[in-house]
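Single-structure report; data block below.
The values are calculated or read from the model by the stated rules, or taken from the named source; none is laboratory data. The model shown is predicted, which means the values in this text are computed figures rather than measured ones. When we count neighbours, we look across all protein chains shown, and the Cβ atoms used for this are built from the backbone with ideal geometry, even at glycine. Areas reflect the complete protein model, heavy atoms only, side chains present, ligands, DNA and RNA absent. Shrake-Rupley method; radii C 1.70, N 1.55, O 1.52, S 1.80 Å.
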Amino acid sequence: MKYDIKDISLAEKGRLRIEWAAKDMPVLSLIKKRFAKDKPLAGIRIGACLHVTTETANLMAVLKAGGAEVALCASNPLSTQDDVAASLVKHLKIPVFAIRGEDHDTYYAHIRAVIETKPHITMDDGADLVSTIHSEYTRLTKDVIGGTEETTTGVIRLRAMAEQKVLKYPIIAVNDAKTKHFFDNRYGTGQSTIDGIIRATNRLLAGSIFVVAGYGWCGRGLAMRARGMGARVIVTEVDPLKALEAVMDGYDVMPIAEAARIGDFFCTVTGDINVIRREHFLKMKDGAIVANSGHFNVELDLEGLKEVSTKVREIRDNVTEYTLKNRRKIYVLAEGRLVNLAAAEGHPSAVMDMSFANQALCCEFLTKEAKRLKKTVYPVPEEIDQEIARMKLDSMGIKIDQLTEEQEKYLSSWEMGT
Ligand code: ADE
């Protein structure tokens, strides 16, 4: 079996951490039990490009239990947990191609290694796997029955491919399931981003001014948790509706050019490019801390920052100090890559439980239904979303009410008024 990881001797530590995560992934455990019995993925090769974390390891175990052959590479050069990669190779016999801190060329060589296993299903987080297979391995796309996409940024890229009619197989947008983005993007990003910023800096948030750029689901979660830690939160937005929502949620809203002067912490979660630019860095206070929790490392204009700096040094793990020409110092976390995965461990297992339950059930769905799907981006079937919500509530021991017959009738009638 081919693989490329940092150090196989880390496997034992990885195994224990994977076991720890599994304890908080009850929905995935239930699916694993059923998959082990029914083998819905027998004969299917899955190529996955995901953050190599303890939660991802548990998803890989479920797919394998379902009968799939799986190969895994990283979806970000800085998010790989090397002990997890080692355990997947040693204990689950899964070919993993991922090393934390790998350079750009190795990152893509690892994606190619997964594509060369000739997957029938691609599982992506950011669409780098799909974009590479479409640009460099077009001949292999005819054997792909479908793919899944984990994140907002990836779904946006894939929709662009579908609109330009270059997408060669159907994709299920796992991100858009309610049991995914309501929870993972909001509570997952909220908690893990604060976790990453604190682990990297050990700074106090209480009493600080925390600027959140972007008020999508991730921004909402991050703003809520920053406020919970005692920070005064400023939101920046380009969308008037989201900006209005942020105002009514009680945050200050202003352009980044104004927020730049007053923030102590800045974190981008927009999915867009060059959100904090050189002119903004030049306005920041001495000691400002700047991070990104959006998928790609393009939200901060680090080239521009370098150009207006006289000195750059690593001052502690995951913290780079830039001394500007105006003598102020700006601290960038985790090289502008996803701070929650690079400086912490990503979202907690309890939310990844639902995200990855969607991934597993969508693979099963594709094995049954791919033939009737077109080469476009599909939502997760409503029944899968509902089923996952039900299983999660069940696992939490929470019961809910059921509609009475009278209520059902009322909801489907239009005649009845006051
Ligand atoms: N994305 C965000 N958090 C994650 C995690 N813990 N595992 C895999 N992908 C993630």
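The residues of segment 346-398 that are among the hydroxyl-bearing types (Ser, Thr, Tyr) and over 28 Å from GLN191 (Cα atoms), listed by number, are THR367, THR376, TYR378. Does at least one position in segment 40-50 carry a residue that is within 16 Å of the ligand (Cβ to nearest atom), open to solvent by 10 Å² or more (accessible area, probe 1.4 Å), among the aliphatic types (A, V, I, L, M) and farther than 21 Å from THR106 by Cα? The answer is no, given that none of the residues of segment 40-50 is within 16 Å of the ligand (Cβ to nearest atom), open to solvent by 10 Å² or more (accessible area, probe 1.4 Å), among the aliphatic types (A, V, I, L, M) and farther than 21 Å from THR106 by Cα. When restricted to residues that are surrounded by 10 or more Cβ atoms within 10 Å (Cβ to Cβ), under 27 Å from THR179 (Cα atoms) and charged (D, E, K, R), segment 393-418 contains 2.
Would you check if there is a residue in segment 282-301 being among the β-branched types (Val, Ile, Thr), open to solvent by 90 Å² or more (accessible area, probe 1.4 Å) and at pLDDT 95 or above? Scanning segment 282-301, I find no residue that is among the β-branched types (Val, Ile, Thr), open to solvent by 90 Å² or more (accessible area, probe 1.4 Å) and at pLDDT 95 or above, so the answer is no.
The sole residue among GLU345, GLU364, GLU406 that is out of contact with any strand residue (DSSP E or B) (no Cβ under 9 Å at 6 or more places or on another chain) and free of Cβ contacts under 8 Å to residues at least 12 places away in the same chain is GLU406. Quick check on THR56: is it buried (at least 20 other Cβ atoms within 10 Å of the Cβ), within 14 Å of LYS6 (Cβ to Cβ), hydroxyl-bearing (Ser, Thr, Tyr) and modelled with pLDDT of 95 or more? In short, no. Considering only residues in segment 190-219 that are β-branched (Val, Ile, Thr) and within 21 Å of SER349 (Cα to Cα), the one that is nearest to the ligand (Cβ to nearest atom) turns out to be THR193. Provide a single number: the residues in segment 333-353 that are more than 12 Å from the ligand (Cβ to nearest atom), open to solvent by 10 Å² or more (accessible area, probe 1.4 Å) and either polar (S, T, N, Q) or more than 13 Å from the chain's Cα centre (by Cα) (or both). So the answer is 2. Inspection of segment 261-274 finds a residue satisfying the criterion of being without any contact (Cβ under 8 Å) to a residue 40 or more places away in the chain, touching a Lys or Arg at 6+ places or on another chain (Cβ under 6 Å) and not in a strand (DSSP E or B). Can THR153 be described as crowded, with 22+ Cβ neighbours inside 10 Å and under 15 Å from the mean Cα position of the chain (by Cα)? So THR153 fails the test.
Here's the yes/no breakdown for (1) in contact with a Cys (Cβ under 8 Å, 6 or more places away or on another chain); (2) open to solvent by 20 Å² or more (accessible area, probe 1.4 Å); (3) of a type in the set (Lys, Arg); (4) on the phi > 0 side of the Ramachandran plot:
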site: LEU63; (1), (2), (3), (4): yes, no, no, no
site: LEU72; (1), (2), (3), (4): yes, no, no, no
site: HIS91; (1), (2), (3), (4): no, yes, no, no
site: ARG100; (1), (2), (3), (4): no, yes, yes, no
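Counting only helices (runs of 4 or more DSSP H) wholly contained in segment 66-178, the ones carrying 1 or more residues that are more than 18 Å from THR56 (Cα to Cα) occupy 104-115, 128-136, 152-163.
For segment 101-131, the set of residues classified as more than 16 Å from the ligand (Cβ to nearest atom) and acidic (Asp, Glu) consists of GLU102, ASP103, ASP105, GLU116, listed by residue number. If you check ASN318, ASN358, ASN292 for being within 16 Å of the ligand (Cβ to nearest atom) and closer than 20 Å to ILE197 by Cβ, only one passes: ASN292.
With respect to (1) within 16 Å of the ligand (Cβ to nearest atom); (2) crowded, with 23+ Cβ neighbours inside 10 Å, the lone exception for TYR187 is condition (2). Here LYS242 passes the criteria (1) open to solvent by less than 20 Å² (accessible area, probe 1.4 Å); (2) touching a strand residue (DSSP E or B) at 6+ places or on another chain (Cβ under 9 Å); (3) assigned to a helix (DSSP H, G or I); (4) not aliphatic (A, V, I, L, M) except the one numbered (1).
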